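The values are calculated or read from the model by the stated rules, or taken from the named source; none is laboratory data. As the structure is a prediction and not an experimental result, all values here were calculated from the model. Neighbour counts are summed over all protein chains in view; Cβ atoms, including those assigned to glycine, are modelled from backbone coordinates with ideal geometry.
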Amino acid sequence: MKRIMMLMMSLALFGITGIQAQTQTFRIGVKGGVNLTEFTFKNDDFKADNRTGFFIGPIVHVNLPLVGLGLNIAGLYNQKEAKVNGAETIKHKTFDVPLNLRYAIHFTGNAGIFFEAGPQIAFTLGDRALKYHDNDLADVNWRFNDSDISANVGGGLTLGHLQLGVNYNLPLGKTGEFEWNGTTEHQLLHTSSKAKTWQVSAAWFF
């Protein structure tokens, strides 16, 4: 947690310095929004409801020498949720670091559209292993990865200091593992899961 806080502070301090030195090239802001997450399982016996969560954190934008191109890097606290077969809601908390290449088209000095894509690494926060007992699923164990690699693709609008966007995040591997010790016939099932996420965001650049 200390390393995460140091990273977020470094992003903020570096961005403030950049603003003072190169206002048009380097900007820092705050980004937040909601996500809709779908957990899918290799085992077809399990179905998860789509659940909403949220994310928030600092974002830095750097313009590249080529017209319209830029880089966005952010440090986001992200909370995703899953509810398997109507059971208890599981919360997966991560610190996400997306690095997106952005191409922007400006219609006027204050408005435009953009498209972006790039990799993302996420670090699980708190307990990686979650266990509970439920009347329907009996003994349930979740095990989330320490970190995950995924890919982002999206786009949106820029209106002056405001940026509105929609993004799809696709995991490049499994998000975690799920184990169920059933109440009937002492059945033990084990499967892996993936978390695919739609994000709707707003960012304000200072």
Taking first residues from the range 141-163 that are touching a residue at least 40 places away in the same chain (Cβ under 8 Å) and second residues anywhere that are outside any strand (DSSP E or B) and β-branched (Val, Ile, Thr), the pairs with Cβ under 9 Å that are 6 or more apart or on different chains are Phe144/Thr175; Asp148/Thr175
Strands (runs of 3 or more DSSP E) contained entirely in the range 102-177, each with at least 3 residues that are surrounded by fewer than 16 Cβ atoms within 10 Å (Cβ to Cβ) and at pLDDT 90 or above: 111-124, 147-159, 162-171
